[in-house]
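Reviewing the structure listed below.
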Amino acid sequence: MFERDGADLHCNMPITFPQAVLGSEVDAPTLSGRVKIKIPAGTDSGKVFRLRGKGVPDIRANRTGDLFVRLNVAVPKKLSKKQGDLLREFAAETGDDVYPERASFLGKAKQFWDELSGDAK
């Protein structure tokens, strides 16, 4: 569950798509029990939370390391028909307007391919 890096610990924790989009409070594992983490609405997969003092005691430095919790948005493998329909409706309703990073990436990719093919303006 944990990977150690000196006195620091690292942990990957799955969360659901709704938790990432809407925000939530989740229990993160630590060596001494659970700790609540508040996930802000719109949190991206890969976001790392630092929990100070929740790592391993470092006797040489007279301190306790930190725990770094990396959130991974879990993608469901199976959906009911209703869930699929709701997601398709959500996708149609939002378009790329709610994904500025994606729109920026697609714009850069188009510019790259235009330059590569000699169509740059």
Among the residues that make up the stretch 45-59, is at least one of them modelled with pLDDT of 85 or more, under 21 Å from the mean Cα position of the chain (by Cα) and more than 18 Å from Leu9 (Cα to Cα)?
yes
From the option list Arg70, Arg60, Arg52, Arg34, single residue qualifying as loosely packed, with under 13 Cβ neighbours inside 10 Å, touching a residue at least 12 places away in the same chain (Cβ under 8 Å) and among the charged types (D, E, K, R) is Arg52
Please verify whether Ala28 is without any contact (Cβ under 8 Å) to a residue 60 or more places away in the chain, in a loop (DSSP other than H, G, I, E, B) and farther than 23 Å from Lys77 by Cα, treating the condition exactly as stated.
no
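The values are calculated or read from the model by the stated rules, or taken from the named source; none is laboratory data. All values derive from a computational prediction rather than experimental measurement. Positions of Cβ are backbone-derived with ideal geometry, glycine not excepted, and every protein chain shown enters the neighbour counts.
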